[in-house]
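Structure first, commentary second.
The values are calculated or read from the model by the stated rules, or taken from the named source; none is laboratory data. Please read all numbers here as calculations on a predicted model, not as lab measurements. Backbone-built Cβ (ideal geometry, glycine too); neighbour counts: all protein chains shown.
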Amino acid sequence: MDTLTGNTRVTQSPDVTSTPVELSKRTTRLTARDVTVHYGSKQALHGISIDIPDRAVTSFIGPSGCGKSTFLRCINRMNDTIEGAKVGGTIKLDGEDIYDPSLDVVELRARIGMVFQKPNPFPKSIYDNVAYGPRIHGLARSRAEMDEIVHSSLRKAGLWQEVKDRLAEPGTGLSGGQQQRLCIARAIAVSPEVILMDEPCSALDPIATAIIEELIDELRENYTIVIVTHSMQQAARVSQKTAFFHLGNLVEEGNTSDIFTNPRNKQTQDYITGRIG
Amino acid sequence: MATALNEHIVTSYEDELINLNKAISEMGGMVEQAITDAANALLKLDHKAAQDVRQYDKRIDGMKDRITEMAVSIIARRQPIAVDLRMVVTAIQVANDLERTGDMAKQLAKRTVQIESLALAPKFYNGVKHMTDLVARQLKAALDAYASRDAAKAVDVCAHDDEVDAMHTSLFRELLTYMMEDPRNISQCIHLLFCTKSLERVGDHATNIAEAAYYLETGRQLGQDETQRQQL
Ligand SMILES: Nc1ncnc2c1ncn2[C@@H]1O[C@H](COP(=O)(O)OP(=O)(O)OP(=O)(O)O)[C@@H](O)[C@H]1O
Ligand SMILES: [Mg+2]
């Protein structure tokens, strides 16, 4: 198709830098040790321990209800807002305990941003959607500085060309794929270190998905990214590290290329190949 | 031995992989037959049988095309991963090696047709017979290792390739002696030289198939594992 139309593919060829050696050399950004979550009396996570590498994409895969979103929400303390949820164990960002009582949770969520399954722009203008976070955190001292943050965030999210002439229009008027990129721009605007994405492409068509995947690939140069996805192909395409969850346990984690060519665990193999487990 | 695999949730996918494996087995049987028939035709100087082998090769080529199409179709529609991906990729490799092995049978047959008469010591026939048996055994063992995903058996096949090479060298020396003894032998001996070369290549293809079987089962390359083992 490329040769016929002269178009370039949206996603790039597989990254040659994501070899096992490279990944093991990367520094660890996030460390989770023995993380448990209870919703009331029901235990949803049974002691999860994992290292999340810096400037790489880590994907969480596993059957519905295995605890992927629950674990993702532990990383920016979103479970704090859920009634009856109790988190145990430790999670450290650059060696700093994120559950330290003296830590400012609002500031933490600026450092660890989140993008949800369903694009959820505020009922405000495109501009204000992106400016919202920086305004709360007082990141801009002038209108010009705010313009700069909004424009560059939209550019990084690959949305600038499509919206630059309609910044005052409501964000909800964009297409699903554009809304998702707007949400990514919103997450980027507060200069986070980590971006968590919970099934960010599940509502998107293949082209919009490819654009988001290309974006994720570019973003990983500067951010630590964790993505939950139900698409095995997507996990294989975008991530360098993959973790497989099952019934609240972390069953297997490793280099994405190893997990998808030669998983060590039978449960992992059954799940990713679509076998009866 | 291979660990048992659970079935796919999508039964039509399961069926496609089963059919792919069946096609490999079928093609393996065809090629084994071609090699045996070609070697027998050579030893008996049976020109008719040799012609049959040459004809048969077209069917082997057709089988390879069919397997390639099946594999490409599975890749395009099912996006196989992990053991399934290895199954599909190795099926293409094995079909390729089998097709080349079939070509070797055809080469033997072509030479046979060109040889007018053979008047060599029985010892020599024994040598060729011996080598044929050995490579046929290697081929069969490799195909068995692939079908049963038996890594240990695959390693065994590769370990025995030296024997084929040694036998090839010994037959080469023997042919050289015949040619030096009587220049009238030269023309036939050259033909036979090429035949033993073809048999030796069959041994190489058997090794390739065994390596594919090892990769299919373990997800690792045999060569790399062997090197690591030697370094330990
Ligand atoms: N707010 C909640 N209150 C009570 N139980 C919950 C809550 N959120 C999740 N759970 C339970 O915790 C377990 C893990 O759920 P979680 O949403 O983390 O799974 P998941 O892996 O993200 O699934 P999916 O792929 O369907 O999104 C499930 O059994 C779920 O029912
Ligand atoms: Mg979820």
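Quick notes
- Residue match in segment B:17-25 (condition: assigned to a helix (DSSP H, G or I) and within 14 Å of another protein chain (Cβ to nearest Cβ)): yes
- For segment B:1-16, filtered to residues that are facing chain A (nearest Cβ under 10 Å) and either touching a His at 6+ places or on another chain (Cβ under 9 Å) or not hydrophobic (A, V, I, L, M, F, W, C) (or both), the residue that is farthest from A:Gly277 (Cα to Cα) is B:Tyr13.
- Residues of segment A:47-65 satisfying the condition of being surrounded by 16 or more Cβ atoms within 10 Å (Cβ to Cβ) and out of contact with any strand residue (DSSP E or B) (no Cβ under 7 Å at 6 or more places or on another chain): none
- Residue pairs whose Cβ atoms lie under 7 Å apart, separated by 6 or more positions or on different chains, with the first residue in segment B:163-186 and within 20 Å of B:Ala136 (Cβ to Cβ) and the second loosely packed, with under 15 Cβ neighbours inside 10 Å, are B:Met167/B:His130.
- Segment A:75-102 residues that are of a type in the set (Gly, Ala, Ser), paired with ones that are at pLDDT below 95 and part of a helix (DSSP H, G or I) (beta carbon under 9 Å, 6 or more apart): A:Ala85/A:Asn79
- Put simply, of A:Arg237, A:Arg275, A:Arg264 the only residue that is closer than 26 Å to A:Ser175 by Cβ and either within 16 Å of ligand 1 (Cβ to nearest atom) or of a type in the set (D, E, K, R) (or both) is A:Arg237.
- All positions within segment A:165-199 that are within 16 Å of ligand 1 (Cβ to nearest atom) and either surrounded by fewer than 24 Cβ atoms within 10 Å (Cβ to Cβ) or under 19 Å from A:His137 (Cβ atoms) (or both): A:Leu196, A:Asp198, A:Glu199
- Single residue of segment A:125-141 satisfying the filter (at pLDDT below 95 and not in a helix (DSSP H, G or I)) that is nearest to A:Asp104 (Cα to Cα): A:His137
- Leading residue by the ranking (modelled with the lowest pLDDT) among those in segment B:21-40 that are over 13 Å from the mean Cα position of the chain (by Cα) and surrounded by fewer than 24 Cβ atoms within 10 Å (Cβ to Cβ): B:Asn40
- The condition (being away from chain A (no Cβ under 14 Å), of a type in the set (Gly, Ala, Ser), in a helix (DSSP H, G or I) and under 30 Å from A:Thr256 (Cα atoms)) is satisfied by just one residue among B:Ala76, B:Ala38, B:Ala95, B:Ala105: B:Ala95.
- Test set (1) away from every other protein chain (no Cβ under 14 Å); (2) within 16 Å of ligand 2 (Cβ to nearest atom); (3) among the hydrophobic types (A, V, I, L, M, F, W, C) - A:Ile61 fails condition number: (1)
- Failed item in (1) over 19 Å from the mean Cα position of the chain (by Cα); (2) within 14 Å of chain A (Cβ to nearest Cβ), with B:Leu45 passing the rest: (2)
This table checks each residue for (1) within 12 Å of ligand 1 (Cβ to nearest atom); (2) over 22 Å from A:Glu253 (Cβ atoms); (3) not polar (S, T, N, Q).
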site: A:Ile61; (1), (2), (3): yes, no, yes
site: A:Cys66; (1), (2), (3): yes, no, yes
site: A:Glu83; (1), (2), (3): yes, yes, yes
site: A:Ile91; (1), (2), (3): no, no, yes
site: A:Gly95; (1), (2), (3): no, no, yes
site: A:Pro101; (1), (2), (3): no, yes, yes
site: A:Leu108; (1), (2), (3): no, yes, yes
site: A:Met114; (1), (2), (3): no, no, yes
site: A:Gln117; (1), (2), (3): yes, yes, no
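- Residues of segment B:183-203 satisfying the condition of being under 18 Å from B:Glu32 (Cα atoms) and crowded, with 19+ Cβ neighbours inside 10 Å: B:Cys195, B:Thr196, B:Ser198, B:Leu199, B:Glu200, B:Val202, B:Gly203
- Any pair with Cβ under 8 angstrom, 6 or more apart, that starts in segment A:24-46 at a residue that is without any contact (Cβ under 8 Å) to a residue 12 or more places away in the chain and ends at one that is small (Gly, Ala, Ser) and loosely packed, with under 15 Cβ neighbours inside 10 Å: none
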